[in-house]
Amino acid sequence: MMPPSPPRVYLVTDPSGGSDLLSRTASALAGLPPGVAAVQLRARDATGRELLEAARGLRLVVSRAGQLLLVNDRIDVALAAGADGVHLPSAGVPPGDARVLVGKGRLVAVSCHSAADVLRARDGGADFVTFGPVFDTPSKRRYGAPVGLDRLQEACALGLPIVGLGGVETSNAAAVSAAGAFGVAAIRAWLDAVDPGAAVRRLLEATMMTER
């Protein structure tokens, strides 16, 4: 059994985003073609029980919309919630070991910040990676300067689907796609949007521009 295709739009959650995550997610995914989007549940400070409860709730919303759910880091929670995959930190469980646990039918994604990271993920059997931060973003400033579009383009030439992450908004998503990225990832662009559905549709349209 093959895993699903990587997402064109990857919506990452923020634990500080408030209690309306389920309704905001439903709004963000409404009306999208099946299988083009995925939600990554990321809540590093949550207990295992809290994370599992959140994952099960999101799983219902995401599956009703015909989209995908990945759980950050916690393979056990991803499996228990019936998620479509797991997203591994760059220094987390190697993708090959994660594959043994999740099987061939689920996605294995990895966070990458350099070409060397992408090569390790590719050679380890990851299905796709996020690469960034591409642009300046407040949550990543303590880690140094953004990688920029040139390094993103270099990473995209390594033969693995790349999802550009970090400061990606509707105004610059097309540039990420033009650099060769398969998709775009966003946090604030959908969580802070007045109309999450409209924001996500614009992000998706930007990823398709280079294919026209």
Worksheet item: Would you call VAL147 modelled with pLDDT under 95 and within 24 Å of GLY125 (Cα to Cα)?
Response: yes
Worksheet item: VAL110 is checked against (1) in contact (Cβ under 8 Å) with a residue 24 or more places away in the chain; (2) more than 20 Å from MET1 (Cα to Cα); (3) under 15 Å from the mean Cα position of the chain (by Cα) and fails just one. What number does that condition carry?
Response: (1)
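Yes or no, residue by residue, for (1) farther than 20 Å from MET2 by Cα; (2) of a type in the set (Gly, Ala, Ser); (3) modelled with pLDDT under 95; (4) in contact with a strand residue (DSSP E or B) (Cβ under 8 Å, 6 or more places away or on another chain):
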position: LEU60; (1), (2), (3), (4): yes, no, no, no
position: ARG64; (1), (2), (3), (4): yes, no, no, no
position: GLN67; (1), (2), (3), (4): no, no, no, yes
position: ARG74; (1), (2), (3), (4): yes, no, no, yes
position: LEU79; (1), (2), (3), (4): no, no, no, no
position: ASP84; (1), (2), (3), (4): no, no, no, yes
position: ALA91; (1), (2), (3), (4): yes, yes, yes, no
position: PRO95; (1), (2), (3), (4): no, no, no, yes
Worksheet entry | Lone unmet requirement of (1) modelled with pLDDT of 95 or more; (2) farther than 19 Å from VAL36 by Cβ for VAL184 | (2)
Worksheet item: Applying the selection to the stretch 120-142, what residues are surrounded by fewer than 16 Cβ atoms within 10 Å (Cβ to Cβ), in contact (Cβ under 8 Å) with a residue 24 or more places away in the chain and assigned to a helix (DSSP H, G or I)?
Response: SER139
Worksheet item: Can you pull out the residues in the stretch 63-119 that are loosely packed, with under 14 Cβ neighbours inside 10 Å and touching an Asp or Glu at 6+ places or on another chain (Cβ under 7 Å)?
Response: PRO89
Practice prompt. Filter the stretch 101-113 down to residues that are outside any strand (DSSP E or B) and either under 21 Å from ASN172 (Cβ atoms) or in contact with a His (Cβ under 6 Å, 6 or more places away or on another chain) (or both), then give me how many there are.
Written response: 1
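Within the group ILE187, ILE162, which residue is under 13 Å from the mean Cα position of the chain (by Cα) and over 30 Å from ASP20 (Cβ atoms)?
On the way: ILE187 fails: over 30 Å from ASP20 (Cβ atoms).
Of the residues listed, the single one that is under 13 Å from the mean Cα position of the chain (by Cα) and over 30 Å from ASP20 (Cβ atoms) is ILE162.
Within the stretch 87-100, how many residues are in a helix (DSSP H, G or I) and either of a type in the set (A, V, I, L, M, F, W, C) or farther than 14 Å from ASP117 by Cβ (or both)?
5
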Discussion item. I'm trying to understand the selection: among the residues of the stretch 183-195, which are touching a residue at least 60 places away in the same chain (Cβ under 8 Å), crowded, with 22+ Cβ neighbours inside 10 Å and not in a strand (DSSP E or B)?
Written reply: TRP190
Practice prompt. Scan the stretch 58-92 for residues that are within 25 Å of LEU204 (Cα to Cα) and among the hydroxyl-bearing types (Ser, Thr, Tyr) and jot them down.
Written response: SER63
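Would you pick out the residues in the stretch 106-140 that are among the charged types (D, E, K, R) and touching a strand residue (DSSP E or B) at 6+ places or on another chain (Cβ under 6 Å)? Spell out the reasoning first.
As a first pass, look at the stretch 106-140 and keep what is among the charged types (D, E, K, R): 106, 117, 120, 122-123, 127, 136, 140.
Within the stretch 106-140, ARG106, ASP127 qualify.
To keep it simple, each residue is scored yes or no on (1) touching a residue at least 40 places away in the same chain (Cβ under 8 Å); (2) buried (at least 24 other Cβ atoms within 10 Å of the Cβ); (3) assigned to a loop (DSSP other than H, G, I, E, B).
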residue	(1), (2), (3)
LEU149	no, no, no
GLN153	no, no, no
VAL163	yes, yes, no
GLY167	no, no, yes
THR170	no, no, yes
ALA175	no, no, no
ALA181	yes, yes, yes
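The values are calculated or read from the model by the stated rules, or taken from the named source; none is laboratory data. These figures come from a predicted structure and were not determined experimentally. Note that we place each Cβ from the backbone using ideal geometry, even for glycine, and neighbour counts take in every protein chain shown.
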